[in-house]
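Heads up, the thing below is written out as structure tokens.
The values are calculated or read from the model by the stated rules, or taken from the named source; none is laboratory data. Computed from a prediction, not measured in an experiment: that's the story for all the values here. Backbone-built Cβ (ideal geometry, glycine too); neighbour counts: all protein chains shown. Quick note on the areas: whole protein, heavy atoms, side chains included, nothing else; ligands and nucleic acids left out. Shrake-Rupley method; radii C 1.70, N 1.55, O 1.52, S 1.80 Å.
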Amino acid sequence: MNGLPAGTAGYIDHIGIAVADLDSALLLYRDLMGLELEHIEEIASEQVRVAMLKLDRRGSAGHIELLAPLSDDCNIARFIAKKGPGLHHIAFAADDVATVMQRCREAGLQLLDEKPRIGAGGKQIVFLHPRGTGGVLMEICGGGAH
Ligand code: CO
């Protein structure tokens, strides 16, 4: 045991930002701010194109996740239409997503996923509704490639 609540990993895995256009977002985050682009992938099931940039190239685990819509009726497109581009979610790393998910459910938080699904980087992910988290869309994510 590491002194953390069961299943948690104790750091932020990534901060997700909704962007209308991935290329202009990369100009800002990579070319002007100097974050290292780790990879770009398309997640067909979510109709989203994702760019992962390292928050710290010296080795920390954190990332900025840029989320660009691939169609007009996906979640990110609806978010941008409603609120404009910007901060979308914060993802907390978990060693055991199911355990953290269950504890949040028992605490009365509303989950947007019945069970963990596969997100960027092949990780297991679950979202918590902002209604129960003081207005912040939270993702719990664990496993996968990075
Ligand atoms: Co995310």
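Computed values, structure above
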quantity	calculated
C-alpha long axis of helix 97-106 to longest principal axis of the chain, angle in °	70
Cα convex hull of segment 61-110, projected area averaged across orientations, nm²	5.0
Electrostatic dipole magnitude of segment 8-142 [Cβ: Lys, Arg +1; Asp, Glu -1; Cα centre; debye, to 20]	360
Share of pairwise Cα separations in the chain, more than 18 Å, in percent	57
Sequence-separation-based contact order of segment 8-142, relative, with Cα cut under 8 Å and 6+ spacing, percent	26
Candidate lysines - alpha carbon under 23 Å from K123, same-chain residues fewer than 8 apart omitted	K54, K115
Net length gained if the chain between R105 and S45 were fully extended (0.36 nm per residue, minus Cα distance)	19.1 nm
Among A68, A93, A44, residue whose mean-square fluctuation peaks in a GNM of the chain (springs only between Cα atoms under 10 Å)	A44
Accessible-area order (highest first, 1.4 angstrom probe) of the listed residues L35, L70	L70, L35
Accessible area in square angstrom per residue, segment 44-97, 1.4 angstrom probe	53
Segment 45-51 - phi-based ³J(HN,Hα) in whole Hz, Karplus 6.51/-1.76/1.60, Gly and Pro as x	5, 9, 6, 9, 10, 10, 10
Mean ellipticity per residue at 222 nm, deg cm²/dmol - from DSSP H runs of n ≥ 4 across the chain, formula -39500 (n - 2.57)	-4500 deg cm²/dmol
